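*Asks:* Quick one: this structure, given as structure tokens, is what I'll be asking you about.
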């Protein structure tokens, strides 16, 4: 599995994401949703090969973080893998799919003897997290990297004409990452992660917003846009995989699943032949 400029050998990655498939005729359980009218299936893809592993037809009004659905699809996706590829897994989901039940289930799968599972799941920026971010010293933010493993930076408005120059004044660091786990567990008002798995760690990334981005009141305070995620990457890990920049890169490439979904829609996802929901579900499940 590719992570920035590195390759994580021997790991099979499953990426979970929901999508909206529009319905242009009267179909059972096609309903209004946040993108129009249709169904709201949940999908699981293999990041290593871009192949679909599992999918669940759902009514149009199905929630993005419905726990029962997010428990079934990862299980179906793992079962679809050849047995020898089930031993070392990585499972990712965005913040819309995050739930206590999903993370608890992934933690249980990770604790199976003879198996390894690393998860990386989006996390909502709440009041407790905003309070922790305010306490992070400037030196605790580490520079993020891009898909080439290089520093994420851009040219300043007053930069010189040399596009490849090394002048510090000509470049602005675009993103940084840090960890919030200790502050949330042991900081002022600690115990914020009580009830969550002990192995779960919370990370934050801040980015310079792109033009037109809508910031929250908290984000307008310092001009950064914040993204959070949780992972069970061991704190005692060594090597490049333990670096915050690569932990961030491993989560950020979850967006690759969007390319798989677009390809799937080009190949027929959403073009269901029947009015009947059960028949369309059977069509979905057929090879």
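What follows draws every value from the coordinates through simple rules; no lab data is involved. Everything numeric in this text was worked out from a predicted model, so none of it was measured. We place every Cβ from the backbone using ideal geometry, glycine too, and count neighbours over all the protein chains shown.
*Asks:* So what is the relative contact order for the range 2-280, in percent, with contacts set as C-alpha pairs under 8 Å and at least six apart?
*Replies:* Value for the range 2-280: 20 percent.
*Asks:* What nm distance separates the two modelled labels at residue 108 and residue 256, each placed 7 Å from Cα along Cα→Cβ?
*Replies:* Between residue 108 and residue 256, the simple spin-label model gives 2.9 nm.
*Asks:* What is the distance in Å between the Cα centroid of the range 57-75 and that of the range 160-232?
*Replies:* The distance from the Cα centre of the range 57-75 to that of the range 160-232 comes to 29 Å.
*Asks:* Something else about it: Over the alpha carbons of the chain, what is the largest minus smallest coordinate on each principal axis, giving the biggest first in Å?
*Replies:* Extents along the principal axes: 61, 48, 38 Å.
*Asks:* While we're on this one: State the extension gain, in nm to one decimal, for the chain segment bounded by residue 168 and residue 196, taking 0.36 nm per residue of separation less the distance between their alpha-carbons.
*Replies:* Numbers: separation 28, 0.36 × 28 = 10.08 nm, distance 4.22 nm.
Going from the current span to full extension adds 5.9 nm.
*Asks:* Helix 100-110 sits at what angle to the longest principal axis of the chain, using alpha carbons and giving 0 to 90 degrees rounded to 10?
*Replies:* 90 degrees
*Asks:* Could I ask something else about it? Take the Cβ-Cβ distance between residue 159 and residue 49 as r, set R0 to 35 Å, and report the resulting FRET efficiency rounded to the nearest 0.05. List each step's numbers first, then the result.
*Replies:* Working: r = 41 Å, r/R0 = 1.18.
Given R0 = 35 Å and the Cβ-Cβ separation, E is 0.25.
*Asks:* Residue 221 to residue 135: extension gain in nm, 0.36 nm per residue of separation minus the Cα-Cα distance?
*Replies:* Stretched fully, the residue 221-residue 135 segment lengthens by 29.5 nm.
*Asks:* Describe numerically, in nm with one decimal, the distance between label points set 7 Å from Cα along Cα→Cβ at residue 1 and at residue 143.
*Replies:* Distance between label points: 2.7 nm.
*Asks:* Picking from 163, 185, 59, which is most flexible by a Gaussian network model of the chain using Cα springs under 10 Å?
*Replies:* Of 163, 185, 59, the Gaussian network model singles out 163 as fluctuating most.
*Asks:* Hey, rough spin-label estimate for residue 67 and residue 86, points 7 angstrom out along Cα→Cβ, what's it come to in nanometres?
*Replies:* Between residue 67 and residue 86, the label points sit 2.4 nm apart.
*Asks:* Rounded to the nearest 500 deg cm²/dmol, what is the calculated helix-only ellipticity per residue at 222 nm for the chain, with -39500 (n - 2.57) per DSSP H run of length n ≥ 4?
*Replies:* Working: 8 runs with 74 residues, N = 287.
It lands at -7500 deg cm²/dmol.
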